[in-house]
1. If you take the residues of the stretch 477-507 that are of a type in the set (A, V, I, L, M, F, W, C) and at pLDDT 90 or above, which of them is surrounded by the fewest Cβ atoms within 10 Å (Cβ to Cβ)?
2. Looking at the stretch 420-439 only, could you name the residues that are part of a loop (DSSP other than H, G, I, E, B) and in contact with a helix residue (DSSP H, G or I) (Cβ under 6 Å, 6 or more places away or on another chain)?
3. I'm trying to understand the selection: among the residues of the stretch 312-330, which are assigned to a loop (DSSP other than H, G, I, E, B), in contact with a Leu (Cβ under 8 Å, 6 or more places away or on another chain) and farther than 12 Å from Pro392 by Cβ?
4. Can you tell me which residues in the stretch 251-266 are touching a helix residue (DSSP H, G or I) at 6+ places or on another chain (Cβ under 9 Å) and not hydrophobic (A, V, I, L, M, F, W, C)?
5. Taking the stretch 468-485 as the region of interest, how many residues are touching a Ser or Thr at 6+ places or on another chain (Cβ under 9 Å) and in a loop (DSSP other than H, G, I, E, B)?
6. Given the options Val240, Val209, Val235, name the one that is surrounded by 14 or more Cβ atoms within 10 Å (Cβ to Cβ) and assigned to a helix (DSSP H, G or I).
7. Go through (1) surrounded by fewer than 16 Cβ atoms within 10 Å (Cβ to Cβ); (2) at pLDDT 90 or above for Lys229 and report which single condition fails.
8. Of all residues being crowded, with 20+ Cβ neighbours inside 10 Å and among the aliphatic types (A, V, I, L, M) in the stretch 442-453, which is nearest to Ile340 (Cα to Cα)? Just the residue, please.
Amino acid sequence: MGTVAKMRREVAHMRKGLATAASTDTLSRYRNDPIGYAREHLGQIWWSKQEEVAQALVEHQWVFVRTGHGVGKTHLAGGLINWHFDCFKPGITLSTAPKEDQVKKLTWKEVRLQRHGGGLMPRAPEIRGASEDHFAGGYTARDQNSFQGHHAEHLLIFFEEACGIDEAFWLAADGMLSSGPGNKLLAIYNPLDVSTICYQRETAVGAKVITISALDHPNIDAELRGLPKPFPQAVSLSWVVSKIETWCTPILPTDAGPLDFCWPPLPFCLEKGIEPKWYRPGPHFESKVLGRWPSSATNAVWSLALIELVLSSIGTPPPGDSIPEVGCDPARFGDDFTSIHQRDAAVSLAHETHSGWGTDQTAGRLKQLCRELAAYCRRKNPDLCPKPEDIPVKVDCGGGDVGTGVMDQAGDFNFIAVSSSDKSANADYHSRRSELWFNTVDLASKGKANMGRLDARSKADIKSQAMQPTWKVNGQGQSVVEPKEKTKERLGRSPDDMDGVNLAYLPAAIFDRPEVVEQNRRDRTREQTTRGMGERRVFGR
């Protein structure tokens, strides 16, 4: 009788599921409006960052969400699983997490609470629709065989605590997402460890990445103002304060860098007339509160937080009397690229990369850019009159004859040979290559490198390449960036774009101009002066 009773319960739930499916046919109107679905059908209110994630899932195939603790990621996951199941028929919704309790007692508990059991199988983390190709299910990230092999026109794969998901599941997801643009992956996680597959995937697939800091949660602002928490189950002010005291180091305002933070939040301090205090977050605070990858828990030259800040910041307009500089890393082998980066003071103006160029094309393009930048200077400041030959162009000549071939065609232009393989004049660095990399990082940490004006493709290439090189300290106490060959092996290509960036941000002032170029400059200056230019400024006078 026990078996018969169990079967009757299964049939009853299946009938309930069919009834639910029939009643939700009209929910397809919410396919592009998960926020409206949550509010009007589930009766759930999401805060702004949760809404941002939900809308990103409509617009992007891969969505990665780094979160601090207590920001409502599991509540959001339950709502989005319900949304996808109800709005896409046929459609498949799969969720997984590293541990069984995370699947059943967290994610799918939220699913049950929000849909009030409609269509759910008894105890199992599963919702069944009216057909075999319409269901949602939760799996532990140990059951790879059950997870893989699903294909549908509309497929949502959800990874909760994605840093703990094994590579086999990521590979299985790759295969299932290949069916079409209606297939999507949402990964939500505390960014704890940069050695994980999740970190590698986030920085490699061109995903939409969203960061949710606990400091931005509405509960924090409400409690600072003496109001009750609008989301009672989410993060509290007392928890944040305790973590600041435990995981952060107080610093002087003059020592604060772009990755440090003030507390209470600066807008609140300005509103209330409170003197803010500045803190440097430790790795635990970065990952568990700010929702960002730890900047000090890796031997990478760049931290992910810093390169993302640089790529999003446009900086202040360059001063009127500054002269732009160019960095060029010419291609050496068949799989290398010629990369050229332009910057004016602390602002990157443009970046370009070309395949298959010879030295003549590269030299010709650099001269063309010098003419364009000279005209740019005159537009910026009519009293600033540099000639194209005055624009500094730093060319990497450390890889053999290619850079030398470009230099041979410089003519009167101010091409500067930089050999990345030479020893650095700075005793802190083992080689010029190490100096090049750390010089850009140092400028960025001071807010003196801003690449927010670049195009999206260039930003993606620069970001992926910046995160690859590692470094160490040698026996002489010098910082040593790994050989380029190792970076190339890990990246799958040469980091030419970052080499161009590093050359552009290396100050041209540290180099002596070639005597021929310098003599031509003196001749032009005398000629312009004798023509009665009056008070107009001539570059180099």
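The values are calculated or read from the model by the stated rules, or taken from the named source; none is laboratory data. Keep in mind the model is a prediction, meaning the values are calculated, not measured. Here the Cβ is made from the backbone with ideal geometry for all residues, glycine too, and neighbour counts use every protein chain on show.
1. Going residue by residue through the stretch 477-507, those that are of a type in the set (A, V, I, L, M, F, W, C) are 480-481, 491, 498, 501, 503-504, 506.
Retained after the next criterion (residues that are at pLDDT 90 or above): 480-481, 498, 501, 503-504, 506.
Values: Val480: 16, Val481: 22, Met498: 29, Val501: 29, Leu503: 26, Ala504: 28, Leu506: 22.
That would be Val480.
2. Within the stretch 420-439, the subset part of a loop (DSSP other than H, G, I, E, B) is 420-428, 430-431.
Within the stretch 420-439, Ser420, Asp422, Ser424, Asn426 qualify.
3. Gly320, Asp321
4. So in the stretch 251-266, the residues touching a helix residue (DSSP H, G or I) at 6+ places or on another chain (Cβ under 9 Å) come out as 257-259, 261-265.
Passing the criteria: Gly257, Pro258, Pro264, Pro265.
5. Total satisfying the criteria: 4.
6. On the way: Val209 fails: assigned to a helix (DSSP H, G or I); Val235 fails: assigned to a helix (DSSP H, G or I).
On inspection, the qualifying residue turns out to be Val240.
7. Going through (1) surrounded by fewer than 16 Cβ atoms within 10 Å (Cβ to Cβ); (2) at pLDDT 90 or above one by one, Lys229 breaks only (1).
8. To start, the set of residues in the stretch 442-453 that are crowded, with 20+ Cβ neighbours inside 10 Å comprises 444, 449-451.
Among the residues that remain, those that are also among the aliphatic types (A, V, I, L, M) are: 444, 449, 451.
On the way: Ala444: 19, Ala449: 16, Met451: 14 Å.
The qualifying residue nearest to Ile340 (Cα to Cα) is Met451.
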